[in-house]
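What follows is a short report on a single structure.
The values are calculated or read from the model by the stated rules, or taken from the named source; none is laboratory data. For clarity, every value in this text was computed on a predicted model and none was experimentally measured. Heads up, the Cβs are rebuilt from the backbone with ideal geometry, glycines too, and the neighbour counts pull from every protein chain shown. Heavy atoms of the whole protein, side chains included, go into the accessibility calculation; ligands, DNA and RNA do not. Shrake-Rupley method; radii C 1.70, N 1.55, O 1.52, S 1.80 Å.
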Amino acid sequence: MASHGKNLSSDSKNGNVRIASIAVATPPYTVNQSQAEEFLVRAYSDKLSKKNLAILRKIFAHPSILHRHVALDDLNGLINEHPDKRIARFTRWAVDLSSQAILKALTPVGLTPDKVSGLVVNTCTGYICPGISTYLIEKLSMSNKTRAHDLVGSGCGGGIPNLQVCEDMAKGTDDGVIVCVSVEICSATFQMADDLSLVISNALFADGASASVLWRRSEGLELIASSSYYEPESRDDIRYIYKNGQLHNQLSAFLPKLTGKAVATVVTNLLKPRGLTPKDIQHWAFHPGGEKVINAIGDELGLLKDHLQATRAIMAKFGNMSSPTVFFVLREILDNRGIQPGEWCVMVAFGAGLCAHAFLLRASE
């Protein structure tokens, strides 16, 4: 089958790393935006200024997010949640959702957990020691020789650095199976105060996990190249900060503009050395950082509405789940459009740092 776009030398017959399968998982409890708004107003309106209360109502009325999944039985469980109970909830759900995603990713390619030779787990919404990977090795009866790593601190962009590490691990094996897990329990960082960053965060974030299976066989999405870009001077525009020993999300009003430019830079750095431009890319999987951020990215890269459809669809159905969300978008593209042999796809994620990461993929021919 003819290749789409410009020619690019491929090592497919020499065992380049490929994504064999992608799966996602979310908690069963869902809330729509009107339910979430009602909860916040009822429980915290006495803490909010009239201005921020009006902003809250406006944000929750926006149609870009319809509902979200959260690792709770009831939103009231967030009120005065003790830190010990919160980290226990984080641990339980992070392990459970990750396990679900791993099994769902392994099954379609005929693999079982004992065949996994490497495991990398990234998260930014909870810290436990030993890390989530050790719980997964136990729960799924993986080999006690599994090479495992836990990555923290990369924020919403963390899924792609995870993929970079997994690619490097896979290159070091002849026929190894590497599993890349991104899991976030954003509800385990819930805070509410008269702070616009928290108002916005509580309208956006949700919980979920993704798992991707990597191997060096001929089937799957070929990992062609990746690129990363860091802008540390903008660190305070998007980050977690500690207050009274607990994480609080901090978001700047300048974030859409900053993110749009950072994404344009990392995409140019990825494509230009390979003789490609955004017009050559058939599929785009962006982390959905919010409506204004998506618009800024589209404007900077000169993309059509159609290129952003999968990103917007995931934001509407799930909200922003931090690092796994870009894999939800890629799964959405595969499920609803498919990536034909030879077609290009670019994954882009961004977040705390300020960082932006991009991966160039191509469907095997």
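Things worth noting here:
- Ranking Glu291, Glu300, Glu222 from most to least accessible surface, computed with a 1.4 Å probe over the protein chains only, gives Glu300, Glu291, Glu222.
- Residue ranking by accessible heavy-atom surface, 1.4 Å probe, largest first, among Ile200, Ile185 comes out as Ile200, Ile185.
- Taking every C-alpha pair closer than 8 Å and separated by at least 6 residues, the mean separation divided by the residue count of segment 291-365 gives a relative contact order of 21 percent.
- Cut-off of 10 Å, at most 12 other beta carbons, DSSP loop: longest stretch of the chain lacking such trypsin sites (Lys or Arg not before Pro): 146-365
- Whole-angstrom gap from segment 169-247 to segment 293-365, using each part's C-alpha centre: 14 Å
- Measuring nothing but protein heavy atoms, the accessible surface of the chain at 1.4 Å probe radius is 51 percent carbon and sulfur.
- Phe254 accessible area, assembled protein chains, probe 1.4 Å, Å²: 140 Å²
- Pairs exceeding 30 Å between alpha-carbon atoms, taken from Lys51/Lys317; Lys139/Lys292; Lys58/Lys272; Lys104/Lys257; Lys257/Lys317; Lys85/Lys139: Lys139/Lys292; Lys58/Lys272; Lys104/Lys257.
- Applying a 4.7 Å Cβ-Cβ cutoff to the chain leaves Cys124, Cys129, Cys156, Cys186, Cys345, Cys355 as cysteine residues with no disulfide-compatible partner.
- Farthest toward positive dipole pole in the chain [+1 Lys/Arg, -1 Asp/Glu at C-beta], among Ala25, Ser322, Ser117: Ser322
- Charge dipole (segment 176-276, unit charges on Cβ, about Cα centre) - positive-most of Ser212, Gln250, Ile238: Ser212
- Candidates Val120, Val165, Val329, ranked by Gaussian network fluctuation over the chain, Cα under 10 Å, top entry: Val165
- Ligands, DNA and RNA aside, Leu75 has an accessible area near 20 Å² when probed at 1.4 Å.
- Among (i) 64, 47, 36; (ii) 62, 44, 41; (iii) 88, 45, 39, the entry derived from the coordinates for Cα extents along the principal axes in Å: (i)
- Ordered by solvent-accessible area of protein heavy atoms (1.4 Å probe), largest first, the residues Tyr230, Tyr242 come out as Tyr242, Tyr230.
- Accessible surface area normalised per residue over the chain is 43 Å², counting heavy atoms of protein chains with a 1.4 Å rolling probe.
- Residue of Pro273, Pro83, Pro232 that the Gaussian network model of the chain assigns the largest fluctuation, springs spanning Cα pairs under 10 Å: Pro273
- Solvent-accessible area of Tyr135, all protein chains in place: 80 Å² (probe radius 1.4 Å, heavy atoms, ligands and nucleic acids excluded).
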